[in-house]
Every structure is written in C-alpha cells, then in structure tokens.
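Below is one structure, written out as structure tokens; comments come after it.
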Amino acid sequence: MLKATKKRFDIKITQANSTVSDTFELDKNIVKVHGVLVTSDKDDLLYYRGTQKIEINKEEFFPDNYESKLLMSGINVAPKQRYYDLGGVSPGNGRVQIVYKDLDDGRTVFTAYRVSLYLDCEMEDEL
Amino acid sequence: MMKEGVIITKINIKRQGERKHFQIKLPNDTKFIIGVEYGGRLISKSDVVKFAAAEIAAPPIKSPVLETWHTAIDTVVVGERSKGLFKRNQLVGELKLQSSEESNWFYSTDVFVADANLSYGDFSNAGFKVNDFTHGNKRTEEFVKVDAESTIIQGWYLDALGKSQKVDINYEVTIYVWINVEE
C-alpha cells in the first residue's frame, strides 16, 4: 500500500555570501516525490538572501539562482497547498542534492541560519 | 516526451529610469514557452541610505519604497502613503518579452516587489507580525503558450523605482522563463 510521507533535510548557513551544498538520501521505499518546500528558522534571511539549485536523481528541477522565495509558502497558504508541485517524480537513486547560495541583500543583516528542505513523498508501506 | 525546465536571466539596474534591452537564449530542443515569473533583489543599500539621509534635509523628496511598511528590518520607509487606510504598491519597473517568431510582446507586466497592504488580510489581530516571508502566498508562474523554435526571446525592462524616487538604486530583477523541452 502507498502512503504519503514528508521528509525534511537541513543545512546550516554560517557565513554570509557562501554556498553550501549537501546531498541527502531518500528511503528506499519512496516511490514518488510530489512536492518541494523550503523554510528556515530565520525566514526573512531565506526570503531575501536565498537562492538554490535542487536536483533529484541527478536531474535538475530548479537551476542555480532560483530564488528561495519562490519555493516558500506563508501561513496564509492552506497547509495542504504549501508544497511546490513537481507532479510525481520518480526518485531514482534517491539522492537529493541542494546547492544553496546566500547573497547579500540591502534589507537584511546576516546571522547564521538554518535552511530546511521539505519533500512531499509517497512511499510503499512495506518493502 | 515533454519535460519542463526553467531559464533564469538576471538584469542589473543601476541608474534611475534605466532602460535595458536583453536576450534570453533558450535551449535548442525547446518547444514552447509555458510560463514567466520574476523576482528581485536589492543589491546596494548605500544609495538608499544616502537618499534616506538626504530626505531629512529635504523633506519633499519621497524615499524609495522597496518593501511593505511593516518590515522592521527595512531601513527604507514607505514614502508615498495615501491618506486612506490602503497604500499604493511601489512600482519597480516594466518588463516586456517578445518571441522572435511572432510580432508584438507575448508578455508584459508591471513589476512589483511586495504587497503594501498585506497586513490588512489578517483580521485575527493575534499579534503575529505580518511580513511577506511569513504571510506571503505561494508563488506560481504566469502561464503563456508561445512557440520557441527560434530559441531567442527579446526582452525589455524599464526602471520605475529609481525614476519615481529620483535616485540611483542598484537592484537586480530575475526573470524565470519556464519552457517545455522535448526529451
């Protein structure tokens, strides 16, 4: 039986104007990735300063310099609609790569922050 | 099989009233342009700060409006407030795109960075401060359907932010062109 599950992966941004790259592995029984969402513990920094590239199974879904604000949803968005719809992507080797770039913006003062990548997945109940 | 992709183009604006012509090169296997969206980033605050300082000396000049008034971290204050409750959104510029195959623009928009009246959407009065990054809507592209066999898009951008404030503001407009690619 298939069931919905949400996965969260975190990266830490400790330096201004830096690029942080990380690769995460999805569970083997995940069969589809339906949506993606990014949030942060300091969401103003993510909103104004963040851009990222996201790859799933070495396939690029969001290229370099894709602004994080385009993948964020505020609390005004209904919880079931917050994820950016990818349309049911096969996870392949299950590797998800994020290359996050922090860039100075005139409206924010840098302080270390966390970026969380959420994936809306569908998994098989039993392997 | 068709696959979606996105092409990102950045335009850097430095002078007030600056007009930019640019081209967006699409991959050779592009079949259609299916959507357009945009974003923006303030690069240099120095001009804004200088201008804010100048405003103290010369009050009639309006300061640049880059974000909503309720954003505490902004040193930029809303200049043009209407006398009523609601405020006018700050126009940042005009963006137009043309396909090389067809006459006329296929996409034309006024570029705004923020909704100046976002806080009026929350009637709960719960003390949760309203900001774009907490209360903003999910963003989606505007749908278009244009043939893309010539793989070149002509673009045109005209600054309105610096022009309306009569100051040079350095900012970047990012244009996202969503395409259908044949696999």
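The numbers here are math on the coordinates, done by the rules we state, and not lab data. All of these numbers come straight from a predicted model, not from anything done at the bench. Positions of Cβ are backbone-derived with ideal geometry, glycine not excepted, and every protein chain shown enters the neighbour counts.
Would you mind giving the mean number of other chain beta-carbons within 10 Å of the Cβ of each residue in B:27-39, as a whole number?
Average per residue, whole number: 1.
Going by how many other Cβ atoms sit within 10 Å of their own, how do A:F110, B:F22 line up, fewest first?
Exposure proxy ranking, most exposed first: B:F22, A:F110.
Among A:S18, A:H34, A:F61, whose Cα projects farthest towards the positive end of the dipole of the range A:2-124, with charges put on the beta-carbon of Lys, Arg (+1) and Asp, Glu (-1)?
A:H34
5 Å is the cut-off here: which amide hydrogens, built 1.01 Å from N in the peptide plane, fall below it relative to A:R95, excluding neighbours closer than 5 in sequence?
Close amide H contacts, sequence-distant or interchain: A:L26, A:N57.
So which trypsin sites (Lys or Arg not before Pro) in the range A:30-91 are both in a DSSP loop and have at most 14 other Cβ atoms within 10 Å of their Cβ?
Those satisfying the criteria are A:K58.
Grab the DSSP H runs of the protein assembly as shown that are 4 residues or longer, score each as -39,500 (n - 2.57), total them, divide by all residues and round the 222 nm result to the nearest 500 deg cm²/dmol.
After summing the helix terms and dividing by residue count, I get -2500 deg cm²/dmol.
How many Cβ atoms of partner chains, on average, are near each residue of A:58-71 if near means within 10 Å of its Cβ?
4
Give me the dipole magnitude in Debye, nearest 20, for chain A about the Cα centre, with unit charges on the beta carbon: positive for Lys and Arg, negative for Asp and Glu.
220 debye
The protein assembly as shown: D in µm²/s via Stokes-Einstein (Kirkwood Rh, Cα pairs, 37 °C, 0.692 mPa s)?
The calculation lands on 157 µm²/s.
Extension gain B:N28-B:E94, at 0.36 nm per residue separation less the Cα-Cα distance, in nm?
Roughly 21.0 nm would be gained on extension.
Among A:S68, B:S164, what is the fewest-to-most ranking by other Cβ atoms within 10 Å?
B:S164, A:S68
Most mobile of A:L70, A:L45, A:L37 per a Gaussian network model of chain A (Cα springs, under 10 Å)?
Top of the fluctuation ranking is A:L70.
If I take R0 = 25 Å and measure r between the Cβ atoms of B:N104 and B:T151 in this structure, what FRET efficiency does the formula 1/(1 + (r/R0)^6) give, to the nearest 0.05?
Computed FRET efficiency for B:N104 and B:T151: 0.85.
For B:132-143, what's the mean count of beta carbons from other chains sitting within 10 Å of each residue's beta carbon?
Rounded to a whole number, the mean comes out at 6.
What size of dipole, in debye to the nearest 20, comes out for the protein assembly as shown about its Cα centre when the only charges are +1 on Lys and Arg C-beta atoms and -1 on Asp and Glu C-beta atoms?
It comes to approximately 1060 debye.
Could you please rank A:D64, A:D102, placing first whichever residue has the fewest other Cβ atoms within 10 Å of its Cβ?
Ranking A:D64, A:D102 by Cβ neighbours within 10 Å, fewest first, gives A:D64, A:D102.
Just the Kirkwood number for the range A:2-124, please: inverse of mean 1/r across all distinct Cα pairs, in Å, one decimal.
With all distinct Cα pairs of the range A:2-124 included, I get 14.7 Å.
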